[in-house]
1. Given labels modelled 7 Å from the Cα in the Cβ direction, how far is it in nm from Ser150 to Ala121?
2. Cα atoms only: what Rg and Dmax, in Å, come out for region 39-105?
3. Where the convex hull is taken over the Cα atoms of region 63-159, what is its projected area averaged over directions, in nm²?
4. Within straight cross-link reach of Lys112, meaning Cα distance under 22 Å, which lysines are found once same-chain residues fewer than 8 apart are removed?
5. Kirkwood Rh over Cα pairs of region 1-80 into Stokes-Einstein at 10 °C, 1.306 mPa s: D in µm²/s?
6. Of Lys85, Lys112, Lys44, which is the most mobile in a GNM of the chain whose springs link Cα atoms less than 10 angstrom apart?
7. Which of Ile108, Ile45, Ile32 moves most in a GNM of the chain, Cα contacts under 10 Å?
8. So what's the convex hull volume per residue for the Cα atoms of region 1-146, in Å³?
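Any read-out appearing in this document is the output of simple, stated calculations on the displayed coordinates, not a laboratory observation. Predicted model, so just to flag it, every value in this text is computed and none were measured. Virtual Cβ from ideal backbone geometry, glycine too; neighbours counted across all protein chains shown.
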Amino acid sequence: MVIYCQCVIGQRNLIADLATIRENVSMGDLNIVGRNVSVENFVKIGNRNKFETNSYITAYSEIGDYCFVAPCTATSNDNYMARDKERFNHFKGITMESGSRIGVNATILPGKVLHSDAVVAAGAVVTRDVPAKTIVVGNPAKAFREVPESQLLENNLDK
């Protein structure tokens, strides 16, 4: 693992082999950062999140608490793909509000918000914000159904 300078890493985090955490990342407590995960610079991570093998969290993202990122998830922060100086005025990572989850091999485009308890299905491409308690599927991702009550974060926390 490689942890760059000026990071603030909370207590009892597991950071696996080949993981990279770039400069100016803040991470709360009890997170799992899996093998070969990349967390880019200026990312804010809350508590009790899980980032599985080969996931990529782009710079300037904000991750709440109790979020799940499946293997091979890709996120982006640059709609200009490094070709125009205008891009510097628009960099924006993703936002995962508490309890949101991303399935394997999904792609989240710049600036998109996954609201509380949102679920992105495997392979989906998120081009719009995902409403709270909603499952989205496909390319582009579209609402499929509501998250079942039994899967909501509020119903799975120890009281």
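1. Distance between the two pseudo-spin positions: 1.9 nm.
2. For region 39-105, the Cα radius of gyration and maximum Cα-Cα distance read 12.4, 37 Å.
3. Numbers: hull surface 25.7 nm².
Mean projected area for region 63-159: 6.4 nm², to one decimal.
4. Lys44, Lys50, Lys85, Lys92, Lys133, Lys142
5. Values: Rh = 12.1 Å.
Rounded, D is 131 µm²/s.
6. Largest GNM mean-square fluctuation: Lys85.
7. Highest fluctuation among the options: Ile32.
8. On the way: hull volume 13.1 nm³, N = 146.
Measuring per residue, one finds 89 Å³ for the Cα hull of region 1-146.
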